[in-house]
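Peer 1: One structure coming up, written as structure tokens, with questions to follow.
The values are calculated or read from the model by the stated rules, or taken from the named source; none is laboratory data. Predicted, not measured: the structure shown is a model, and the values here were computed from it. So basically every Cβ, Gly included, is an ideal-geometry build from the backbone, and we count neighbours across all protein chains shown.
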Amino acid sequence: MYDVNSKHADDFINHEEIEETLAYADENKDNVELIDALIEKAKKRKGLTHREASVLLACQIPEKNEEIFKLAEQIKKDFYGNRIVMFAPLYLSNYCINGCTYCPYHSKNKHIARKQLSQDEIRREVIALQDMGHKRLALEAGEDPVRNTMDYYLESIKTIYSIKHKNGAIRRVNINIAATTVDNYRLLKEAGIGTYILFQETYHKESYLQLHPTGPKHDYDYHTEAMDRAMEGGIDDVGVGVLFGLDKYRYEFAGLLMHAEHLEAAFGVGPHTISVPRLRHADDIDADAFDNGIDDDTFAKIVACIRIAVPYTGMIISTRESQKCRERVLHLGISQVSGGSRTSVGGYCEPEPDDEKSEQFDVSDKRTLDEVVRWLMEMDYIPSFCTACYREGRTGDRFMSLCKSGQIQNCCHPNALMTLKEYLMDYASPETKAIGDKLIEKEVLNVPNEKARAVVEENLRLIAQDNRR
Ligand code: SAM
């Protein structure tokens, strides 16, 4: 039975409720009166339920879709301004005992090169990432309880936070690792992780069981209830997502929003971020063999509908997507992008020889971080390397209330400008620096409070003299 408050996966991601939602959305996809009412409700910026948002996703009326896209763009601007948070993935290990049929790490894949970074190798990778200018990482690993132990992760996090090299420092370590116990989540929290990220892959239980035929990940309930355990372990920032292409996108969309509603109902705080990965070709994986791939237009519609359904939840897009596709969805709701990413284990230090490939999937956007930063600024976005919220403990519900009240723009805008200035001074090419300095000059004028503006201007001047406080 559907119960948003229940701690059981089958209750809060209830199959019958999703089927009824999809039927309701189908019945109403041409119901202009209802669609208009939902758009009006969404304009209040308090979000929509999974049922309501599913109607908008199903809507095929071109003029109404235009309104949906416009509203998503406006909500994105209102909540996030023109800032885009930058991050990079760091692959620690691709050892894995699961049998996920879409992932090259699956245990039967004998030709992928298996690697696990030592602490020394992590140090070298992190210095390479710092030298690009990154401040925020997402750690990635396969599931192998013997090799990729909790102790290994904890030691790796400690190593990463301890590395200071020139002006570089990783200030926020997020982590995307297999579902684990409340005690382990508590240890990750104590180690200072930012967001705990875990993709559901698919909310369709029957498909889930087929797509994960062997290994601990086969346990649908344990996987689906992982965010509840993470929150019980004290992690207040969790990142959810589905892998689009595995099952029908409308089912996944409803499931994703139900998951967010459940976390909000049970813990008073919804997910910090939603990721929207799409299935890619990879070693031993032919993405075309999966029937549920979605085109770029549908993908854009999904991003827009997520944006208006959960306005205060960050949205992440990775280098799985091309520059063109990223450009389109940035306007519609994405708030975080990766740049200069390598999906191989150890890939930031050394390119891998062809016969020793360890990467997780083909990267589509292969540009350097400098190029990604310049591209964003050319579109008038402010690439942000800011991690101030996290350092000041504004995570979880405190972050959400800041965001919901619209206050986030007042503190985030100046912080983004100052961290961008540091990036430009330390890492940018002359061309990128020139564009960035002009953008900062223009954007400083958008700091509303006069006193605050004076402080920002003074800080920018000091950073320009290489005087960091
Ligand atoms: N081991 C962790 C777990 O069990 O969730 C996940 C780490 S994995 C490095 C990160 C994510 O990559 C997975 O959750 C999955 O969604 C995604 N992924 C796997 N195979 C993929 C593929 N062929 N194309 C795109 N993304 C893929």
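Peer 1: Quick check on my filter: what residues within the range 191-206 are away from the ligand (no atom under 14 Å from the Cβ), over 23 Å from residue 91 (Cβ atoms) and in contact (Cβ under 8 Å) with a residue 40 or more places away in the chain?
Peer 2: The answer is 204, 205.
Peer 1: Are any residues in the range 195-229 in a strand (DSSP E or B) and under 17 Å from residue 103 (Cβ atoms), and if so, which ones?
Peer 2: 197, 201
Peer 1: Kindly evaluate residue 286 against the criterion of being modelled with pLDDT under 95, over 19 Å from the mean Cα position of the chain (by Cα), over 25 Å from residue 62 (Cα atoms) and within 14 Å of the ligand (Cβ to nearest atom).
Peer 2: Yes.
Residues are listed down the side, and each one gets a yes or a no for (1) in contact with a Lys or Arg (Cβ under 8 Å, 6 or more places away or on another chain); (2) part of a helix (DSSP H, G or I):
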position: 126; (1), (2): no, yes
position: 137; (1), (2): yes, no
position: 140; (1), (2): no, no
position: 146; (1), (2): no, no
position: 174; (1), (2): yes, no
position: 178; (1), (2): yes, no
position: 187; (1), (2): no, yes
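Peer 1: While we're on this one: Please verify whether residue 134 is touching a Gly at 6+ places or on another chain (Cβ under 8 Å) and more than 23 Å from residue 200 (Cα to Cα), treating the condition exactly as stated.
Peer 2: Yes.
Peer 1: Kindly list the number of the only condition in (1) surrounded by 20 or more Cβ atoms within 10 Å (Cβ to Cβ); (2) touching an Asp or Glu at 6+ places or on another chain (Cβ under 6 Å); (3) among the hydrophobic types (A, V, I, L, M, F, W, C); (4) over 23 Å from residue 245 (Cα atoms) that fails for residue 178.
Peer 2: Of everything listed in (1) surrounded by 20 or more Cβ atoms within 10 Å (Cβ to Cβ); (2) touching an Asp or Glu at 6+ places or on another chain (Cβ under 6 Å); (3) among the hydrophobic types (A, V, I, L, M, F, W, C); (4) over 23 Å from residue 245 (Cα atoms), residue 178 misses just condition (4).
Peer 1: Take the range 26-41 and flag every residue that is outside any helix (DSSP H, G or I) and surrounded by fewer than 18 Cβ atoms within 10 Å (Cβ to Cβ).
Peer 2: Correct list: 30, 31.
Peer 1: Which of (1) surrounded by fewer than 22 Cβ atoms within 10 Å (Cβ to Cβ); (2) over 25 Å from residue 146 (Cα atoms); (3) within 14 Å of the ligand (Cβ to nearest atom); (4) aliphatic (A, V, I, L, M) is the odd one out, the single condition residue 256 does not satisfy?
Peer 2: Status for residue 256: all satisfied but (1).
Peer 1: Could you tell me whether any residue of the range 294-301 is in contact (Cβ under 8 Å) with a residue 12 or more places away in the chain and over 14 Å from residue 325 (Cβ atoms)? Let's see the steps before the verdict.
Peer 2: Of the range 294-301, the ones in contact (Cβ under 8 Å) with a residue 12 or more places away in the chain are 294, 296, 298-301.
Going one step further and asking which of them are over 14 Å from residue 325 (Cβ atoms), we end up with none.
No, the range 294-301 contains no residue that is in contact (Cβ under 8 Å) with a residue 12 or more places away in the chain and over 14 Å from residue 325 (Cβ atoms).
Peer 1: Then there is this: Got at least one residue in the range 227-250 being within 19 Å of the chain's Cα centre (by Cα) and modelled with pLDDT under 95?
Peer 2: yes
Peer 1: If I filter the range 91-102 for residues that are touching a strand residue (DSSP E or B) at 6+ places or on another chain (Cβ under 8 Å), more than 30 Å from residue 412 (Cα to Cα) and either more than 16 Å from the ligand (Cβ to nearest atom) or among the small types (Gly, Ala, Ser) (or both), do I get at least one hit?
Peer 2: Yes, the range 91-102 has at least one match.
Peer 1: Then there's this: Are any residues in the range 92-115 in a strand (DSSP E or B) and under 24 Å from residue 213 (Cβ atoms), and if so, which ones?
Peer 2: Result: 93, single match.
Peer 1: Something else now. Enumerate the pairs (first residue in the range 353-381 and under 23 Å from residue 103 (Cβ atoms); second residue anywhere and within 16 Å of the ligand (Cβ to nearest atom) and assigned to a helix (DSSP H, G or I)) with beta-carbon separation below 7 Å, excluding pairs fewer than 6 apart on the same chain, so at least 6 apart or on different chains.
Peer 2: 365/326
Each row is one residue, and each column tells you yes or no for (1) under 20 Å from residue 200 (Cα atoms); (2) surrounded by 14 or more Cβ atoms within 10 Å (Cβ to Cβ).
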| residue | (1), (2) |
| --- | --- |
| 12 | yes, yes |
| 24 | no, yes |
| 65 | no, yes |
| 68 | no, yes |
| 83 | no, yes |
| 110 | no, no |
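Peer 1: Of the numbered conditions (1) over 19 Å from residue 121 (Cα atoms); (2) without any contact (Cβ under 8 Å) to a residue 40 or more places away in the chain; (3) among the polar types (S, T, N, Q), residue 149 satisfies every one except a single condition; which is it?
Peer 2: The single condition residue 149 does not satisfy is (1).
Peer 1: Has the range 383-394 got at least one residue that is surrounded by 21 or more Cβ atoms within 10 Å (Cβ to Cβ), within 16 Å of the ligand (Cβ to nearest atom), under 17 Å from the mean Cα position of the chain (by Cα) and in contact (Cβ under 8 Å) with a residue 12 or more places away in the chain?
Peer 2: no
Peer 1: Residues to consider are 302, 316, 294, 274; find the one that is assigned to a strand (DSSP E or B), within 16 Å of the ligand (Cβ to nearest atom), of a type outside the set (Asp, Glu) and in contact with a helix residue (DSSP H, G or I) (Cβ under 8 Å, 6 or more places away or on another chain).
Peer 2: 274
Peer 1: Still on this structure, please answer the following. Taking the range 224-237, which residues are touching a residue at least 60 places away in the same chain (Cβ under 8 Å), within 24 Å of residue 251 (Cα to Cα) and either within 11 Å of the ligand (Cβ to nearest atom) or of a type outside the set (Ser, Thr, Tyr) (or both)?
Peer 2: Correct list: 225, 228.
Peer 1: Within the bounds of the range 128-146, is there any residue that is within 29 Å of residue 210 (Cβ to Cβ) and more than 10 Å from the ligand (Cβ to nearest atom)?
Peer 2: Within the range 128-146, one or more residues are within 29 Å of residue 210 (Cβ to Cβ) and more than 10 Å from the ligand (Cβ to nearest atom).
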